[in-house]
Amino acid sequence: MSDTCIFCEISKGRIPSIRIYEDADFISFLDINPVARGHLLIITREHYLSTPEVPDEILAKALPLAKRLAAAAVLGVGADGFNILINNGEKAGQAVGHWHLHVIPRKDRSELPLREGGPADLTKLPFTAADIRNNL
Ligand code: 5GP
Ligand code: ZN
């Protein structure tokens, strides 16, 4: 737990998020600056900086969960594919220093617009979350 970590605050429920899924190891919620509809994050409940710090047994559960959530997101938003992405370290574009995995449903073949996501329409996010949850 890091007192200054925004994802720890989300994990503890002290900062709101639009949750999709949670279990003993992970929480999934919608990204606040989505680059596509249904862009979700999977974070570890525990605070780990990035992939090298995450125990192997946790990492081993992450990809099956990403697969499951990606399938639900693709169905939920009517996408045709998805990207799974982990930024590790500031030089690699990691802005939040708490391990997380991006699942980004895709509908076209354009380059991944990683830094072009504007703020989400907060009135619409709960409906997007429901669309995904309904396909879990
Ligand atoms: P990174 O660049 O670290 O891989 O991505 C961090 C992601 O977290 C970004 O896509 C950003 O939009 C998202 N994010 C940052 N702060 C918050 C927040 O408070 N709530 C939510 N839902 N997403 C956040
Ligand atoms: Zn944290």
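Here, each number is a calculation from the coordinates, and none is a lab measurement. Computed from a predicted model, the values in this text were never measured in an experiment. When we count neighbours, we look across all protein chains shown, and the Cβ atoms used for this are built from the backbone with ideal geometry, even at glycine.
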field: Pairs, first at positive phi in the stretch 28-49, second within 11 Å of ligand 1 (Cβ to nearest atom), C-beta under 8 Å, six or more apart
entry: Gly38/Leu30; Gly38/Ile104
task: Could you list all residues from the stretch 78-113 that are more than 11 Å from ligand 1 (Cβ to nearest atom), touching a residue at least 40 places away in the same chain (Cβ under 8 Å) and assigned to a loop (DSSP other than H, G, I, E, B)?
output: Ala79, Lys107, Leu112, Pro113
- prompt: Are there any strands (runs of 3 or more DSSP E) wholly within the stretch 1-74 with 3 or more residues that are more than 14 Å from the chain's Cα centre (by Cα) and hydrophobic (A, V, I, L, M, F, W, C), and if so which?
  reply: none
Tally, over the stretch 1-35, of residues that are touching a Pro at 6+ places or on another chain (Cβ under 7 Å) and away from ligand 1 (no atom under 11 Å from the Cβ): 0
query: Of the residues that make up the stretch 120-135, is at least one touching an Asp or Glu at 6+ places or on another chain (Cβ under 7 Å) and either closer than 13 Å to Asp31 by Cβ or surrounded by 15 or more Cβ atoms within 10 Å (Cβ to Cβ) (or both)?
result: no
message: So Ser11 ticks every box in (1) away from ligand 2 (no atom under 12 Å from the Cβ); (2) out of contact with any Phe, Trp or Tyr (no Cβ under 6 Å at 6 or more places or on another chain) but one. Which box is left unticked?
response: (1)
message: Condition check: surrounded by fewer than 16 Cβ atoms within 10 Å (Cβ to Cβ), touching a residue at least 40 places away in the same chain (Cβ under 8 Å), outside any helix (DSSP H, G or I) and more than 16 Å from ligand 2 (Cβ to nearest atom). Does Glu116 satisfy that?
response: yes
